[in-house]
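These notes concern the structure reproduced below.
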Amino acid sequence: VAFDVDSALHRVDWVQAKADLARDDFDNGRSPVALERSFAESEHVAFAWDGAQLVGMARLLSDGVCNAYLLDVWTASSHRRRGIGSAMVRYLLERVPGQHVGLQTSDAGDFYRELGFRAQPEFMATVVGTWLDNPANRACDKSDAAQ
Ligand SMILES: CC(C)(COP(=O)(O)OP(=O)(O)OC[C@H]1O[C@@H](n2cnc3c(N)ncnc32)[C@H](O)[C@@H]1OP(=O)(O)O)[C@@H](O)C(=O)NCCC(=O)NCCS
């Protein structure tokens, strides 16, 4: 399957994207507007397209100097094991030369090892208060009340 990778936020239908993520059991609760905001506010984004169909996405936070963090890497289950995920991650990594790139994964260790990532114990994390309980998501809830 031929596919393209770009960073064209305007091409994405976020209601459809959330539905696609949910179908693959990879929806973590953000409304379509909040999902869009997560990508729009990220330093670098990657979308994979099979024609007009969105078949993958990924995003990278970065300070533009030394540290970056990879998030929300997803390939549609119908399109996996065809190099799309790797192409999106490489697209993002090319944009942060010289930077340390972190990520957290439960199930995709083999995928990231293939791309050169290595475990670096000990990763620690906390959620401040309750997941998604912040003004950005409350604002989104209002405008998404119909969804
Ligand atoms: C992880 C994910 C993004 C990989 O996307 P993909 O487009 O299928 O990845 P690629 O085709 O580029 O895979 C490249 C290589 O990674 C490895 N790999 C990918 N998926 C794998 C799997 N499920 N099991 C073992 N190895 C895997 C393989 O070595 C593969 O090469 P091969 O197909 O020639 O054997 C995709 O499976 C996905 O969206 N999973 C659900 C969401 C998720 O877990 N995202 C990561 C969150 S941290």
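Do you know which residues across the range 73-88 are without any contact (Cβ under 8 Å) to a residue 40 or more places away in the chain and either more than 6 Å from the ligand (Cβ to nearest atom) or closer than 16 Å to Asp20 by Cα (or both)? Listed by number, the residues that qualify are Val73, Thr75, Ser78, Arg80, Gly85.
Looking at Gly102, Gly51, Gly129, which one is of a type outside the set (D, E, K, R), loosely packed, with under 15 Cβ neighbours inside 10 Å and touching a Leu at 6+ places or on another chain (Cβ under 8 Å)?
Details: Gly51 fails: touching a Leu at 6+ places or on another chain (Cβ under 8 Å); Gly129 fails: touching a Leu at 6+ places or on another chain (Cβ under 8 Å).
When all the criteria are applied, what remains is Gly102.
Please determine whether any residue of the range 32-39 is surrounded by fewer than 19 Cβ atoms within 10 Å (Cβ to Cβ) and free of Cβ contacts under 8 Å to residues at least 12 places away in the same chain. No, the conditions are met nowhere in the range 32-39. Can Tyr91 be described as surrounded by 10 or more Cβ atoms within 10 Å (Cβ to Cβ) and over 23 Å from Val33 (Cβ atoms)? When the stated conditions are applied, Tyr91 passes them.
Bear in mind these aren't lab numbers, they're just calculated from the coordinates by the rules spelled out. Bear in mind the structure is a predicted one, so any value in this text is a computation, not a measurement. Because the Cβ atoms are built from the backbone with ideal geometry, glycine has one as well, and the counts that use them run over all protein chains shown.
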